[in-house]
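K.L.:
A single structure is presented below for examination.
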Amino acid sequence: MNAEQLIFYFFAALVLISALMVVTMQNLVRSIFLFFVTLFSLAALYVFALADFIAVTQVVIYVGGVLVLMLFAFMLSNKELLNSLEPIKRTFKLNHLAGIFICLSFLFILVSLIVQIDFSGLDWIKSAAPILEGDNTIHAIGMHSMTRYLLPFEVLSVFLMMALIGAAHLARKGKKI
Amino acid sequence: MIPLSHFLIISACLFCIGLYAVLTKKNAIQILIGIEFMINAAVLNFVAFGRYDKENGGGQLFALFAIVLAAAGVAVALAIILNVYKHFKTIDPSKIDKLKD
């Protein structure tokens, strides 16, 4: 096992363990801060798929924008939870059992499907020239977003403006919603 | 070089963790975090397959689009959560059962 695989599986384990801790932790503030760890290590996994620009975007948008927004919303809506930082008493509920069952069966279906498929034998993967370590992916992303994917790019910009106006309209003070 | 199936298994696990959060949590922000996990699992799949799509660059471009869409969705969802909290004084989705007061 070389260094690349070692680092990859370390970050993969970090993603899964921290995600599990986020969903099982009783203390909500800690679970939101652990969400940082998950997103950072996911960005590391994107680097291993040779998508360095996506990794940087992940760090900028999620860690810089989404998480700060979530912390804001959390602290504005859960004052009584912030006062009592002691963990709430752990109670086992029946609906959690059903949720766990659904998730595990879904995971079983997905993993058994992935294990059965022979990806290296697929035609389009065999014929494709994969992205190599030295390639300039940022250059390619810039070229593609202005030529082949121009329409999705522009639709996305209009959508972002709509979301911005909508969020500002929803969050403003006043009786009318 | 990491095989493709390992990426897919990691993203399948992440998707199921997000599904668990969506199904069982009693707090709207935690449900939102679960949805974020599921979106990130999809982005990981996009990126892993995008490695074999060099000439079109579809995987990486649409991973980028999905991240931006998720960010816009979170902004709107948090604005809605704050409004719901102002109105109902709780963000437990099972207690919010009226469309109009």
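Only the coordinates and a few stated rules stand behind these numbers; no lab work does. Since the model is a prediction, treat every value here as computed from it, not as a measurement. Glycine also receives a Cβ, built like all others from the backbone with ideal geometry; neighbour counts cover every protein chain displayed.
K.L.:
Given a cut-off of under 8 Å on Cα pairs at least six residues apart, what relative contact order in percent is computed for chain A? Intermediate results must be reported in sequence, preceding the final value.
P.N.:
On the way: 78 pairs, mean separation 28.9, N = 177.
About 16 percent, as a whole number.
K.L.:
Can you compute the FRET efficiency between B:Leu99 and B:Lys26 using 1/(1 + (r/R0)^6), with r the Cβ-Cβ distance and R0 = 30 Å? Round to the nearest 0.05.
P.N.:
0.90
K.L.:
Something else: From the P(r) of chain B, can you give the percent of Cα pairs sitting at distances over 22 Å?
P.N.:
43
K.L.:
Let me ask something else. Give the separation of the Cα centroids, the stretch A:7-38 to the stretch B:15-52, in Å.
P.N.:
Rounded to whole Å, the Cα centres lie 13 Å apart.
K.L.:
If each Cα of the stretch A:133-177 is one equal point scatterer, what is log10 of I(q)/I(0) from the Debye formula at q = 0.22 Å⁻¹?
P.N.:
-0.77
K.L.:
Could you tell me the calculated FRET efficiency between A:Ile17 and A:Phe108, based on Cβ-Cβ distance and R0 = 25 angstrom, to the nearest 0.05?
P.N.:
That pair, A:Ile17 with A:Phe108, gives E of 0.80.
K.L.:
A further question on this structure: Distance check, please: which entries in B:Lys25/B:Lys86; A:Lys126/B:Lys25; B:Lys26/B:Lys54 exceed 32 angstrom between their Cα atoms?
P.N.:
A:Lys126/B:Lys25; B:Lys26/B:Lys54
K.L.:
Right, another one. About the Cα centre, and with charges only on the beta carbon of Lys, Arg (+1) and Asp, Glu (-1), how big is the dipole of the stretch A:133-177? Nearest 20 debye, please.
P.N.:
700
K.L.:
Set the Förster radius R0 to 25 Å, insert the Cβ-Cβ distance between A:Phe159 and A:Ala98 as r into 1/(1 + (r/R0)^6), and round the FRET efficiency to 0.05.
P.N.:
Rounded to the nearest 0.05, the efficiency is 0.10.
K.L.:
Could you check the spin-label model distance between A:Glu4 and A:Arg30? Points 7 Å from the Cα along Cα→Cβ, value in nm.
P.N.:
Going from the A:Glu4 label point to the A:Arg30 one covers 3.8 nm.
K.L.:
Let me check against my output: what whole-number percent is the relative contact order of chain B, with C-alpha pairs under 8 Å and at least 6 apart?
P.N.:
Details: 88 pairs, mean separation 25.4, N = 101.
It rounds to 25 percent for chain B.
K.L.:
I've got another one for you. When chain A is modelled as a GNM with alpha-carbon springs shorter than 10 Å, which of A:Ser18, A:Ser112, A:Ser31 fluctuates the most?
P.N.:
Per the Cα network of chain A with a 10 Å cutoff, A:Ser112 tops the list.
K.L.:
Averaged over every viewing direction, what's the projected area of the C-alpha convex hull for chain A? Give it in nm², one decimal, please.
P.N.:
Its average projected convex-hull area is 16.1 nm².
K.L.:
Would you mind computing Rg(Cα) / (2.2 N^0.38 Å) for the stretch A:95-144, counting N as its residues?
P.N.:
1.92
K.L.:
Moving to a separate point now. Quick one: if you stick a label point 7 Å off each Cα along the C-beta vector at A:Val60 and A:Glu133, how many nm between them?
P.N.:
Computed distance between label sites A:Val60 and A:Glu133 equals 2.6 nm.
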